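**Student:** After the structure tokens below, expect a handful of questions from me.
The values are calculated or read from the model by the stated rules, or taken from the named source; none is laboratory data. What you see is a predicted model, and the numbers here were worked out from it, not measured in a lab. Glycine gets a Cβ as well: all are built from the backbone with ideal geometry, and neighbour counts include every protein chain shown.
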Amino acid sequence: MRTTRAYAAFDEANPLGPFEFERREVRDYDVQIETLYCGVCHTDIHQVRNEWGASKYPMVPGHEIVGRVVRTGGQVTKFRVGDLAGIGCFVDSCRTCPSCLEGLEQYCEVHNVGTYNSVELDGKTPTYGGYSSQIIVDEKYTLKVPENLELARVAPLLCAGITTYSPLMHWKVGKGHRLAVVGLGGLGHMAVKIGAALGADVTVLSTSPGKEEDARSLGAHNFAVTRDPAALKNLRSSFDFILDTVSAPHDYNMYLNLLKRDGTMILVGAPPEPTPVAGFSLIARRKRLVGSMIGGIRETQEMLDFCAAHNIMADVEVIPMDYINEAYERVLKSDVKYRFVIDMASL
Ligand code: NAP
Ligand code: ZN
Ligand code: ZN
């Protein structure tokens, strides 16, 4: 019953293919979830291709998981069989360090257990993600999924949603702020929706001229193509916040110049190579360059409830499991509107 069907990467160079493995026994506080949908995050590609240099194989990616509870451990109180459940980027953490105690488990100072390409708290059992038929996770690290949303469109909230929601909340972005979102991909399109719902004036800064109409229908008020230096000149000193979701190396200085005095540029995109930042890009107009990583369990639940209340879901292309290698190639060409989501029934 714990035998799990999946798709895995077996090394950094070859396509993903079918794989089978055993999940752990359901423990007292565990829920066993039949996977219904799993989003395809650019992080999956970085990790499958070992671009961050810490990949272990076989790797079953996937950390935007929505499914239904099929079994619960004896001590579980949060879920019943038949409930919807969501799993994001991590499935456990030490639970006792200051970050865990503050509900910021993503910054666990001991061991944040990634949903895949990680090991459990025992330090040795590998974790396998959502490109699989089922997953078994402690209820504490499992999210309640609102019943009123479309499930395929909810899956990307578990990473793209929380990764953009968390810094917008942390920096209190809202009415009266001009927010630029750099990169209109999976994260970027969620940032536009959430930023607009929070009342900010949202501009999309994109390398793709063809995305303007979409950007506006997603809720953006303005759009500029970053390949056109003239358009950017007009935007100098105009933003309170810039949320940078770009996955590939690019020049941060160019964007820092678009901030107002005391403006903040927030990095969530994680290009593999470092980028030089000129001192003057920050010194002039007393600017800040900061980062942010996903969000804690409490905040992820808050984000799901916020999205349910505002009817915010990802724009998705639902794909069968065996389309995954082609999907990766299309993500790399910024050719997805705006998140691929795997229908796990196709596995
Ligand atoms: P994605 O769907 O591929 O979107 C990235 C977007 O960046 C593209 O759609 C494209 O938008 C823009 N872009 C791509 N190459 C570019 C280049 N060379 N120069 C400028 N812009 C470029 O990826 P995603 O899933 O949203 O993930 C984005 C990044 O965030 C990845 O690095 C991922 O690993 C990281 N991430 C971080 C966290 C975190 O906790 N901080 C969580 C999840 C993901 P345009 O066509 O509009 O230019
Ligand atoms: Zn992700
Ligand atoms: Zn901890």
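**Student:** Restricting attention to region 261-275, report how many residues are more than 16 Å from ligand 2 (Cβ to nearest atom) and either under 13 Å from residue 205 (Cα atoms) or without any contact (Cβ under 8 Å) to a residue 60 or more places away in the chain (or both).
**Tutor:** 7
**Student:** Now a separate question. Please specify each residue of region 80-117 satisfying the condition of being touching a Phe, Trp or Tyr at 6+ places or on another chain (Cβ under 8 Å) and either on the phi > 0 side of the Ramachandran plot or more than 8 Å from ligand 3 (Cβ to nearest atom) (or both).
**Tutor:** Passing the criteria: 85, 87, 90, 91, 92, 106, 113, 114, 115, 116.
**Student:** Among the residues of region 230-249, how many are within 13 Å of residue 207 (Cβ to Cβ) and out of contact with any Asp or Glu (no Cβ under 7 Å at 6 or more places or on another chain)? Full working, then the answer.
**Tutor:** Residues of region 230-249 that are within 13 Å of residue 207 (Cβ to Cβ), as a first pass: 231-232, 244-249.
Now restrict to residues that are out of contact with any Asp or Glu (no Cβ under 7 Å at 6 or more places or on another chain): 231-232, 244-248.
Of the residues in region 230-249, 7 are within 13 Å of residue 207 (Cβ to Cβ) and out of contact with any Asp or Glu (no Cβ under 7 Å at 6 or more places or on another chain).
**Student:** If you check every pair at least six apart or on different chains, which have Cβ atoms under 8 Å apart with a residue in region 233-248 that is of a type in the set (Phe, Trp, Tyr) first and a residue that is surrounded by fewer than 18 Cβ atoms within 10 Å (Cβ to Cβ) second?
**Tutor:** 239/260
**Student:** Same structure again: Restricted to region 214-224, and to residues that are in a strand (DSSP E or B) and touching an Asp or Glu at 6+ places or on another chain (Cβ under 8 Å), which residue is surrounded by the most Cβ atoms within 10 Å (Cβ to Cβ)?
**Tutor:** 223
**Student:** Could you count how many residues in region 164-209 are more than 12 Å from ligand 1 (Cβ to nearest atom), of a type outside the set (Gly, Ala, Ser) and touching a residue at least 60 places away in the same chain (Cβ under 8 Å)?
**Tutor:** Total satisfying the criteria: 10.
**Student:** Look at region 324-334 and say how many of its residues are in contact (Cβ under 8 Å) with a residue 40 or more places away in the chain and either over 19 Å from residue 248 (Cα atoms) or more than 18 Å from the chain's Cα centre (by Cα) (or both).
**Tutor:** Within region 324-334, residues that are in contact (Cβ under 8 Å) with a residue 40 or more places away in the chain and either over 19 Å from residue 248 (Cα atoms) or more than 18 Å from the chain's Cα centre (by Cα) (or both) number 2.
**Student:** Would you mind listing the strands (runs of 3 or more DSSP E) fully within region 235-347 where at least 1 residues are more than 10 Å from ligand 1 (Cβ to nearest atom), touching a Cys at 6+ places or on another chain (Cβ under 7 Å) and more than 30 Å from residue 199 (Cα to Cα)?
**Tutor:** Answer list for region 235-347: 339-343.
**Student:** Sticking with this structure for a sec: Within the group 128, 107, 116, which residue is within 16 Å of ligand 1 (Cβ to nearest atom), aromatic (Phe, Trp, Tyr) and closer than 24 Å to residue 339 by Cα? Spell out how you get there, then give the answer.
**Tutor:** Working: 128 fails: within 16 Å of ligand 1 (Cβ to nearest atom); 107 fails: closer than 24 Å to residue 339 by Cα.
The match here is 116.
**Student:** Please state which one of 254, 303, 344, 321 is closer than 20 Å to residue 179 by Cβ and more than 16 Å from the chain's Cα centre (by Cα).
**Tutor:** 254
**Student:** If the requirement is being within 13 Å of ligand 1 (Cβ to nearest atom) and crowded, with 16+ Cβ neighbours inside 10 Å, which of these qualifies: 87, 65, 45? Explain how you work it out, then say what you get.
**Tutor:** Values: 87 fails: within 13 Å of ligand 1 (Cβ to nearest atom); 65 fails: within 13 Å of ligand 1 (Cβ to nearest atom).
Every option except 45 fails the conditions.
**Student:** Here is a further query. Within region 311-328, is there a residue that is modelled with pLDDT of 95 or more and over 27 Å from residue 6 (Cα atoms)?
**Tutor:** The answer is yes; a qualifying residue exists.
**Student:** If we keep just the residues of region 18-42 that are surrounded by fewer than 17 Cβ atoms within 10 Å (Cβ to Cβ) and touching a helix residue (DSSP H, G or I) at 6+ places or on another chain (Cβ under 9 Å), which is nearest to residue 341 (Cα to Cα)?
**Tutor:** 34
**Student:** Follow-up question, since we're still on this one. List the strands (runs of 3 or more DSSP E) that sit entirely inside region 15-111 and contain at least 1 residues that are within 16 Å of ligand 2 (Cβ to nearest atom), touching a Pro at 6+ places or on another chain (Cβ under 6 Å) and in contact (Cβ under 8 Å) with a residue 24 or more places away in the chain.
**Tutor:** Qualifying strands (runs of 3 or more DSSP E): 30-39.
**Student:** Identify all residues within region 120-145 that are farther than 20 Å from residue 75 by Cα and β-branched (Val, Ile, Thr); write none if there are none.
**Tutor:** Passing the criteria: 125, 127, 145.
**Student:** A further question on this structure: Return the total of residues in region 1-14 being more than 25 Å from the chain's Cα centre (by Cα) and not in a loop (DSSP other than H, G, I, E, B). It would help to see each step written out before you state the result.
**Tutor:** Taking region 1-14 and keeping what is more than 25 Å from the chain's Cα centre (by Cα), we get 1-3.
Now narrow it down to the ones that are not in a loop (DSSP other than H, G, I, E, B): 3.
Matching residues across region 1-14 total 1.
**Student:** Another one. Counting only residues that are surrounded by 21 or more Cβ atoms within 10 Å (Cβ to Cβ) and without any contact (Cβ under 8 Å) to a residue 24 or more places away in the chain, how many does region 119-143 have?
**Tutor:** Counting residues in region 119-143 that are surrounded by 21 or more Cβ atoms within 10 Å (Cβ to Cβ) and without any contact (Cβ under 8 Å) to a residue 24 or more places away in the chain gives 0.
**Student:** Quick test of your reading of the structure: residue 146 fulfils all but one of (1) crowded, with 18+ Cβ neighbours inside 10 Å; (2) in a loop (DSSP other than H, G, I, E, B). Name the failing condition by number.
**Tutor:** (1)
**Student:** Please verify whether region 75-85 includes one or more residues that are under 21 Å from the mean Cα position of the chain (by Cα) and either among the small types (Gly, Ala, Ser) or assigned by TED's automatic domain parsing to the domain that holds residue 42 (or both).
**Tutor:** Within region 75-85 (the criterion being under 21 Å from the mean Cα position of the chain (by Cα) and either among the small types (Gly, Ala, Ser) or assigned by TED's automatic domain parsing to the domain that holds residue 42 (or both)), the answer is yes, since at least one residue qualifies.
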